1. How do 211-217, 280-286, 11-17, 517-523 rank on mean C-beta neighbours within 10 Å, highest first?
2. Mind giving me the nanometre distance, one decimal, between the label points for Phe30 and Ala286, set 7 Å out from Cα along Cα→Cβ?
3. I need the shape label for the range 218-366. Rule: rounded when a/c is under 1.5, else prolate if a/b > b/c, else oblate, with a, b, c from the alpha carbon gyration tensor.
4. Say a paramagnetic label sat at a point 7 Å from the Cα of Asn44, along Cα to Cβ; which residues of the range 16-33 have their backbone N under 18 Å from it?
5. Post the alpha-carbon centroid distance, the range 338-406 to the range 205-272, in whole angstrom.
6. Keeping all protein chains in place, calculate the accessible area per residue for the range 439-529 (probe 1.4 angstrom), answer in Å².
7. Would you work out the relative contact order for the range 361-424, in percent, from Cα pairs under 8 angstrom that are 6 or more residues apart?
8. Hey, with R₀ at 41 Å, roughly what FRET efficiency would Glu318 and Lys448 work out to, going by the Cβ-Cβ distance, to 0.05?
Amino acid sequence: MDFFLLWEQVLDYINKNDSQYYQMFSYNVFPTSMTDTTLVITPNKPYLVRWINGVYREKLEQIVSRIAGKPMKVEVAPPPDSTAPSPQMPVPPAQKEAAAPSPAPAVPLPEDEEPLPTPVPQPLPETPATDPFPKEVAPPDFSNLKPKTADQVTLPDIRNYESLHEPSLFDTLGTTVETKKNFQPNPVNEEYTFETFVHGNCNEIAYQAAYAVAQTATNPNQADQKMNPLFIYGPSGLGKTHLLHAICNYIHTYKPSLSVLFVSSETFTNELIDAIQNHTMPKFRAKYRNLDFLLIDDVQFFGSKDSTKMEIFNTFNELFDKKKYIIMTSDRTPSDIDKLEDRLQSRFSSGLVAPISPPDYEICCIILQKRAEKMGITLPKDVVDYIASHINTNVRELEGAFNKLVTFSHIKKEPITLSFAREALKDQIPIESGQELTVDFIIDTVCKYYGVKKEKLLGNGRPKRIVIPRQIAMYLCRNELHESYPTLRDCFKRKDHSTVLYACERVENDMAKDPQTRAAVEAIKKLLRNR
Ligand SMILES: Nc1ncnc2c1ncn2[C@@H]1O[C@H](COP(=O)(O)OP(=O)(O)OP(=O)(O)O)[C@@H](O)[C@H]1O
């Protein structure tokens, strides 16, 4: 069978049976080749490779094998250009008091891509048609929405640097956290909303899904049980807990009458043990089983707690039966949680499993700029670039670096410049790391990337395959090293510094218009960073 036809049938199967994933597969994943035993598929987003391998590959193999009528493997190949980012500025949900916004789709719809043709419907014999997710779901319409007014500018209290760090959400372990309506004090952080969450490739599915789930509070008719439970996973400091807070805040704003409970797995476990010891299980059950939304942070810890597993399972079943939502976060996929028994693993995976990956450079820049904007601080572009290009695996660390910089600048009464930032952040970003970044190193890297000879790049030849790398090398030297135009004129053996100036402007323009140039520059920057 032709692999396109096979893939169409796979999509059709997913549409009927796992419709929460249908859009993601049909818009973002493409079959690329097939042998007798293996179908190779390629997602157009690098994070989907990890997601499919971690969450859905086994299931895909079963589906493909059934359609092909023989055992088949599925191989997930990375997209040809895994470096091209396309982040979006955060789009806030409505601020309207009365009318709540319309629901978001479970997964993002890339603006620049047309949907594939509808798959040929050839259902597998033993697959009952289930309540399919609408095929033509438009992306959320945020066009008439405005961001929240920026808070009053408050400079941090420089006497207490630690207080500048966002409180670690692990600090709340052991405390039951509930929306304002039910408990005092209210530990749900009102700052953590969908509007303050910057989303892009690295977290789009999780963001959209969390937003869609929150919206079911105001649109119960739109509730899609295919997203229940919602399981958000990813490494530390990437905004999983932020999204849980955002859901709580959203419901509190638009539907405060609903009962929402937000706990860490630790709290759940402690309360359960307490209830067993004090013979108060009925009270415990009444608390956990009469909710509209249960949000549990860090469920990876359930794996090691034997005593809780049965209770979790029963709690889940009861909430599911009542069609109440459960949203969980974890640092790994359900199948990677050690010692989590099969039935819990499959419960956790039975809705939408949404990944969050480390942010790319652009997302880090936006987060920094938003933080600065909120504090009324102007952060020079080269400082944003410096921090974002060095600290981009953990948003908590990124924010820590920003807070430290602001504090130091306040204490020393000095403006934030690149050299000030280098000095202030030398513990986080060691200056001596790896090879020194120099004009020569940048030129060598660009030459290597494009496969051109250094003497050609520094020569006077004008073929396009030399001019483009030459201009990109000039742009990178200017942006990464902040060398002056006359210095760069000499380094590049040009007669006039306006050649360098023109090159920098040209590359900047091309990057804005042409994704290929943008991707190339990002790829080279990555090479420079990993030197
Ligand atoms: N995409 C984002 N946009 C804005 N802020 C973010 C984003 N991602 C993370 N943050 C911020 O980073 C900090 C850490 O996020 P959070 O605590 O939600 O991470 P986490 O993934 O739950 O980490 P952990 O697994 O360690 O609990 C918070 O201050 C959060 O607001």
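1. Numbers: 211-217: 25.4, 280-286: 13.0, 11-17: 21.6, 517-523: 19.0.
Peptide ranking by packing, descending: 211-217, 11-17, 517-523, 280-286.
2. Reported label-point gap for Phe30 and Ala286 is 5.9 nm.
3. Values: a/c = 1.67, a/b = 1.24, b/c = 1.35.
Oblate.
4. Zone members listed by number: 21-33.
5. So the two Cα centres are separated by 19 Å.
6. Working: 4890 Å² over 91 residues.
Per-residue accessible area for the range 439-529 comes out at 54 Å².
7. Details: 44 pairs, mean separation 22.2, N = 64.
Taking the mean separation of contacting Cα pairs over the length of the range 361-424, I get 35 percent.
8. Values: r = 60 Å, r/R0 = 1.46.
For R0 = 41 Å, the calculated efficiency reads 0.10.
The values are calculated or read from the model by the stated rules, or taken from the named source; none is laboratory data. Here the structure is a predicted model, which is why all the values come from computation and not from measurement. Note that each Cβ is placed from the backbone with ideal geometry, even for glycine, and that neighbours are counted across all protein chains shown. Each accessible area value is taken on the protein alone, full model and side chains, heavy atoms only, with ligands, DNA and RNA left out. Shrake-Rupley method; radii C 1.70, N 1.55, O 1.52, S 1.80 Å.
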